[in-house]
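Single-structure report; data block below.
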Amino acid sequence: MSADDVLQPSIVTDFEHGISAIDTGFFRPRFDASHLIVENGRAAFVDVGTNYSVPRLLDTLAQKSISVDAVDWVLLTHVHLDHAGGAGLLMQSLPNARAVLHPRGARHMVDPSALIAGATAVYGAEEIERSYGTLVPVPAGRIDIANDDYVVELSGRPLRCIDTPGHARHHYCIHDAASAAFFTGDTFGLSYREFDTANGAFILPTSTPVQFEPDALHASIDRMLGYSPRQMFLTHYSRVTDVERLADDLHAQIEAMVTIARTHAGDANRHARIAADLADLYIARAAAHGCAFGAERVRELLVMDIELNTQGLEVWLDRAAR
């Protein structure tokens, strides 16, 4: 990543209530967001991208005249590397910040060797270094454990962390009453801005390996709806509204994905068949949503998600069969 990439002002999108989305530069533009929350001059990051994202986050603080000393919290919805991979390196520049982690995820940030091994098994060592860099541990003494309903105070602004399994068992989402919003990590799916139409945002679930659990994901989505949020801030990518419609879309697609996986559970070429059916599902839904680009462009934009969703569904099938 070049210095010009880091300093582009267009990587930051400002919303109401002191919330900004920072494009972390991971994979492609507007694919992976870190969110900055500012209240009375104090700040918190929600998810941070990779090591290569850290210059962008620090530059955003500088652009906004926020001292690194004013960052109190680094809230990591879960420890997948596109969300938390840069946390240890970032915190070296944030002397007062504490990392907030799910009890199932904290140990993996203190000792990231298992995270690295798991990701390497999926992507390969060369790709891990290219995309994420060398992970820096987060000191155990700088971690707060977010058990269910744990509340972080940002200059008197409560940020409530609720346990939201389904995408991962080490996942929490953050309710911000001030903005009537959730910061959802991956629990409320993926919504890339390229797919926006006059009908609003397009959304799909993520069943990334290795802890996809459809029943838990349904329940987590419904639990968030119980707070009557007006907006959701997704890591992939940032704000969506029309929350109830999008939740219905997620529920329908989770069931469709489960049906696809079960249909091909015994196939010799299971992976290819699940991936093909997932692509067809998303292409059909994108067309129905009014997306102007054709099937090949949908496949191109969702190629990583189709592959990872296929892998996650296969892990789920194998776990259920044991």
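Quick notes on this one:
- Condition check for Ile66 on (1) farther than 16 Å from Pro209 by Cβ; (2) in a helix (DSSP H, G or I): one failure, at (2).
- 3 or more residues hydroxyl-bearing (Ser, Thr, Tyr): qualifying helices (runs of 4 or more DSSP H) within region 71-152: 113-123
- Among the residues listed as Arg297, Arg230, Arg270, the single one being free of Cβ contacts under 8 Å to residues at least 12 places away in the same chain and out of contact with any Phe, Trp or Tyr (no Cβ under 9 Å at 6 or more places or on another chain): Arg297
- Leading residue by the ranking (nearest to the chain's Cα centre (by Cα)) among those in region 111-153 that are open to solvent by 60 Å² or more (accessible area, probe 1.4 Å), closer than 24 Å to Thr24 by Cα and of a type in the set (Ser, Thr, Tyr): Tyr123
- Within region 163-196, the set of residues being within 11 Å of His102 (Cβ to Cβ), touching a His at 6+ places or on another chain (Cβ under 7 Å) and either surrounded by fewer than 24 Cβ atoms within 10 Å (Cβ to Cβ) or among the hydroxyl-bearing types (Ser, Thr, Tyr) (or both) comprises Thr164, Pro165, His170, Tyr172.
- Looking across region 27-44, the residues that are over 15 Å from Tyr237 (Cα atoms) and either hydroxyl-bearing (Ser, Thr, Tyr) or open to solvent by less than 20 Å² (accessible area, probe 1.4 Å) (or both) come down to Ile37, Ala43, Ala44.
- Some residue of region 180-187 being touching a helix residue (DSSP H, G or I) at 6+ places or on another chain (Cβ under 6 Å) and modelled with pLDDT under 95: no
The values are calculated or read from the model by the stated rules, or taken from the named source; none is laboratory data. Values in this document were obtained by computation on a predicted structure and should not be read as measured data. All Cβ positions, even for glycine, are placed from backbone atoms using ideal geometry, and neighbour counts span all protein chains on display. The accessibility values were calculated without ligands, DNA or RNA, using every heavy atom of the protein model including side chains. Shrake-Rupley method; radii C 1.70, N 1.55, O 1.52, S 1.80 Å.
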